[in-house]
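Quick notes on the structure that follows.
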Amino acid sequence: GCDVDDFFRIADALQVGTISAMVTGERHRSDLDRMTEDFAALCDRAGRMGLRCDLEFVPMWALPDLESAWHVLRNADRANSGLTFDLWHYLRGNPDPDLLSSIPGSKITAVQLTDGLAQPFGNDLLVDCQMHRALPGKGALPIQPVLEQLGAIGALDNIVGFEIFSSALDGLDAQSLGEACKNSLVDLGLPSSI
């Protein structure tokens with residue numbers, strides 16, 4: 001296995017500027033105060049190495065939604081921290097447009113573009129997450145209003161990229177996949193330079 005020390009050694013060897021943190025414990029067994037302390041300590045250690053530490057919520061795990069992640073991020077209150085906002089995670093979790101509108105866009109430091117089926121494949125979020133995502137705008141999730149909201153708060157001015165796990169896209173060669181990604185951005189009215 002890989003522990004936290006290994007993780008930081010790998011980050012140093014790769015000379016990355018940002019690391020991401022996820023809480024993989026059981027959903028509904030979360031201790032937000034403990035997570036806040038642990039995340040603050042992780043950010044402090046990352047900061048000593050000159051790294052930013054972004055927190056990502058995942059609907060199947062102990063930090064399942066924007067509300068819980070914002071609680072941890074806000075209360076950890078570290079200058080080198082932000083949120084990784086995955087469209088699939090947000091829409092499959094507990095979407096909260098009012099909360100999203102209240103978060104400064106500068107605190108959403110990375111946006112992961114994706115889409116998915118109208119309902120989770122086989123009612124299994126993990127399988128749906130890992131195998132049945134789609135290019136943004138090519139699925140059935142209501143991503144357009146979320147993208148508009150992210151744009152309105154300035155979150156799309158930060159790091160924006162794709163995160164698509166898809167058995168359907170796995171067979172494409174790099175050129176075809178790149179063209180499909182570019183076309184999905186154009187269709188959504190987003191700059192193809194993202």
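The values are calculated or read from the model by the stated rules, or taken from the named source; none is laboratory data. Treat the numbers as computed from the prediction; the structure is a model and nothing was measured. Cβ atoms come from the backbone with ideal geometry, glycine included; neighbour counts cover every protein chain shown. Note: accessible area is taken over every heavy atom of the protein model, side chains too, but ligands, DNA and RNA are not part of it. Shrake-Rupley method; radii C 1.70, N 1.55, O 1.52, S 1.80 Å.
Dividing the convex hull volume of the alpha-carbon atoms in the stretch 38-140 by its residue count gives 109 Å³ per residue. Full extension of the chain between Leu172 and Ser192 yields a length gain of 5.3 nm, computed as 0.36 nm times the residue separation minus the alpha carbon distance. Couplings for the stretch 62-78, taken from phi via the Karplus curve 6.51 cos²θ - 1.76 cosθ + 1.60 with θ = phi - 60°, read 5, 10, x, 8, 4, 4, 5, 5, 5, 4, 5, 4, 5, 7, 5, 6, 10 Hz in order; Gly and Pro are left as x. The long axis of helix 4-14 is offset from the longest Cα principal axis of the chain by roughly 60 degrees.
Between Asp157 and Val4, the modelled labels are 3.4 nm apart [label points 7 Å from Cα along Cα→Cβ]. Note that the chain presents 51 Å² accessible area per residue, ligands and nucleic acids not counted, probe 1.4 Å.
Rounded to the nearest 10 degrees, the angle from helix 174-188 to the longest Cα principal axis of the chain is 90 degrees. The value of relative contact order for the chain, using C-alpha pairs under 8 Å at least six residues apart, is 16 percent.
Remark: the stretch 90-100, residue by residue, has Karplus-estimated 3J(HN,Hα) of 5, 6, 8, x, 10, x, 9, x, 5, 5, 4 Hz, where x stands for each Gly or Pro and the curve is 6.51 cos²θ - 1.76 cosθ + 1.60 at θ = phi - 60°. Loop-located GluC sites (Glu not before Pro) in the stretch 107-180 (DSSP state other than H, G, I, E, B) with a sparse environment of at most 13 neighbouring Cβ atoms within 10 Å are absent.
When the chain is treated as a Gaussian network with alpha carbon springs shorter than 10 Å, the biggest mean-square fluctuation among Asp12, Asp65, Asp54 belongs to Asp12. Taking amide H atoms as placed 1.01 Å from N in the peptide plane, the amide H of Gly139 lies under 5 Å from those of Gly116, each 5 or more residues away in sequence or on another chain. Charging the Cβ of each Asp and Glu at -1 and of each Lys and Arg at +1, and nothing else, the dipole of the chain about its Cα centre rounds to 240 debye. Using only Cα atoms, tell me the angle between helix 32-48 and the longest principal axis of the chain; keep it within 0 to 90° and round to the nearest 10. Rounded to the nearest ten degrees, it is 90. For the stretch 1-102, the set of trypsin sites (Lys or Arg not before Pro) satisfying both a DSSP loop assignment and a count of at most 12 other C-beta atoms within 10 Å is given as Arg29. One decimal place: the segment Ala140-Ser106 gains 9.4 nm when fully extended, by the rule 0.36 nm per residue minus the C-alpha distance. Each Cα pair under 8 Å and six or more residues apart adds its sequence gap; the mean of these over the residue count of the stretch 76-137 is a relative contact order of 37 percent. By its C-alpha gyration tensor, with a ≥ b ≥ c as the square roots of the eigenvalues, how is the stretch 102-186 shaped: rounded for a/c under 1.5, else prolate for a/b larger than b/c, else oblate? Oblate. Extension gain for the segment Thr18 to Asp44, taken as residue separation times 0.36 nm less the Cα-Cα distance, is 8.1 nm to one decimal. So if I take the centroid of the Cα atoms in the stretch 80-98 and the same for the stretch 1-19, what is the distance between those two points in Å? Answer, in whole Å: 24.
Note on the chain: with a GNM built from Cα contacts shorter than 10 Å, the maximum mean-square fluctuation among Ala40, Ala69, Ala118 falls on Ala118. Scanning residues 5 or more positions from Ile108 or on other chains, those with amide H under 5 Å from its amide H are Leu83, with H placed 1.01 Å from N in the peptide plane. For Ile19, the residues whose modelled amide H falls within less than 5 Å of its own, excluding neighbours fewer than 5 places apart on the same chain, are Arg52, Cys53, Asp54.
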